[in-house]
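> There's a structure below that I have some questions on.
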Amino acid sequence: GAVVSQHPSWVICKSGTSVKIECRSLDFQATTMFWYRQFPKQSLMLMATSNEGSKATYEQGVEKDKFLINHASLTLSTLTVTSAHPEDSSFYICSAHPFRQGSGYNEQFFGPGTRLTVL
Amino acid sequence: GENVEQHPSTLSVQEGDSAVIKCTYSDSASNYFPWYKQELGKRPQLIIDIRSNVGEKKDQRIAVTLNKTAKHFSLHITETQPEDSAVYFCAASTGKAAGNKLTFGGGTRVLVKP
């Protein structure tokens, strides 16, 4: 259980184009999903928190108009990188926080990541 | 916000020896501390976690200790094997109050030499 998928697993695009990445929780409902970016040999940096049915919360320094996040259902969140540039090339990973009754359950389950290369 | 520091950044051990990775956190309200193992190009995998009401937790060759007073927690891997080679990340969360966000440490690249 607790499987998270991402699509595509890798994408190469031209500078100036937009790329959409999907994150799905396959066997559980996720009220909250998180989007991270990871540059080579670096840690995971949280970009934004995606809540089902409401606007995403972006971390400081992350442009919300460039990284569009939509969380339309309890099992799907999408990240669209608009007008991508070479400096946006990175490994993008999502995670999902299961919806469970009660408080104190913190675990996140990670997707396999999407490697974006912008030429 | 929360800040998590992780040391060392690289760790080379001989097979069979123990490996210890240490993390400190800044927010005393943090109550959840997971450890992730990430192999090259793959997703982080949760290997063990600890909550603030527990001081130590063990799962076979892996153990985690938590010192809330000092705000630090450590990962211990005993009898290391080559397949333990990976990057390990610690993280901290204040739970629901912060939307269940995780703040990650910088990572430790562990190399187990046969």
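The values are calculated or read from the model by the stated rules, or taken from the named source; none is laboratory data. All values derive from a computational prediction rather than experimental measurement. Every residue, glycine among them, receives a Cβ derived from its backbone with ideal geometry; neighbour counts consider all protein chains shown. Surface accessibility is based on the protein's heavy atoms, side chains included, excluding ligands, DNA and RNA. Shrake-Rupley method; radii C 1.70, N 1.55, O 1.52, S 1.80 Å.
> Compute a Gaussian network model of chain A, connecting alpha carbons closer than 10 Å, and tell me which residue from A:Ala96, A:Ala30, A:Ala56 fluctuates the most.
For chain A, modelled as a Gaussian network with Cα springs under 10 Å, the answer is A:Ala56.
> In segment A:22-53, what residues drop by 40 Å² or more in accessible surface going from the chain by itself to the full protein assembly, probe 1.4 Å?
A:Ser43, A:Leu44
> Follow-up. Comparing B:Gly41, B:Gly55, B:Gly99, which has the greatest mean-square fluctuation in the GNM of chain B with Cα pairs linked when under 10 Å apart?
For chain B, modelled as a Gaussian network with Cα springs under 10 Å, the answer is B:Gly41.
> Also, quick follow-up: I'd like the FRET efficiency for B:Glu56 and A:Thr17, computed as 1/(1 + (r/R0)^6) with the beta carbon distance as r and R0 of 45 Å, rounded to 0.05.
According to the calculation, E is roughly 0.35.
> Counting other Cβ atoms within 10 Å of each Cβ, which trypsin sites (Lys or Arg not before Pro) in segment A:1-31 have at most 15 and sit in a DSSP loop?
A:Lys14
> Segment A:15-119: which GluC sites (Glu not before Pro) are DSSP loop and have at most 11 other beta-carbon atoms within 10 angstrom? Mind dumping the intermediate values first?
Values: sites: A:Glu22, A:Glu52, A:Glu59, A:Glu63, A:Glu87, A:Glu107; in loops: A:Glu52, A:Glu59, A:Glu63, A:Glu107.
For GluC sites (Glu not before Pro) across segment A:15-119 that sit outside H, G, I, E and B with at most 11 neighbouring Cβ atoms in 10 Å, the list reads A:Glu63.
> Quick one: net charge of B:Thr80's neighbours, Cβ under 11 Å, K/R +1, D/E -1?
-3
> Then there's this: Using the 2.2 N^0.38 Å rule of thumb for compact globular proteins, work out how segment A:36-93 stacks up: its C-alpha Rg over that value, please.
1.13
> Right, another one. Pairs of alpha-carbon atoms within less than 8 angstrom and 6+ residues apart define the contacts here; what relative contact order does segment B:46-114 have, in percent?
22 percent
> Which entries of A:Lys64/B:Lys71; A:Lys20/B:Lys101; A:Lys14/B:Lys42 show an alpha-carbon separation above 31 angstrom in the structure shown?
Beyond 31 Å between Cα atoms: A:Lys64/B:Lys71.
> Same structure again: So if R0 is 35 Å, what FRET efficiency would B:Glu79 and A:Leu68 give, r being the distance between their Cβ atoms, rounded to the nearest 0.05?
0.15
> To continue, here is another question. Can you pull out the chymotrypsin sites (Phe, Trp or Tyr not before Pro) in segment A:1-102 whose DSSP state is coil and whose Cβ has at most 16 other Cβ atoms within 10 Å?
Within segment A:1-102, the qualifying chymotrypsin sites (Phe, Trp or Tyr not before Pro) (loop, at most 16 other Cβ atoms within 10 Å) are A:Phe99.
> Using a 1.4 angstrom probe with every protein chain in place, what is the largest-first accessible-area order of A:Lys64, A:Lys41, B:Lys58?
In descending accessible area the options line up as A:Lys41, B:Lys58, A:Lys64.
> Another one. Plugging the Kirkwood radius over Cα pairs into Stokes-Einstein for chain A, at a temperature of 4 °C and a viscosity of 1.567 mPa s, what D comes out in µm²/s?
D = 91 µm²/s.
> Rounded to the nearest Å, what's the spacing between the alpha carbon centres of segment A:40-92 and segment B:1-51? Just the number, please.
Their Cα centres are 24 Å away from one another.
> Express the accessible area of chain A per residue in Å², computed with a 1.4 Å probe while the remaining protein chains stay in the model.
Working: 5890 Å² over 119 residues.
Solvent-accessible surface per residue comes out at 49 Å².
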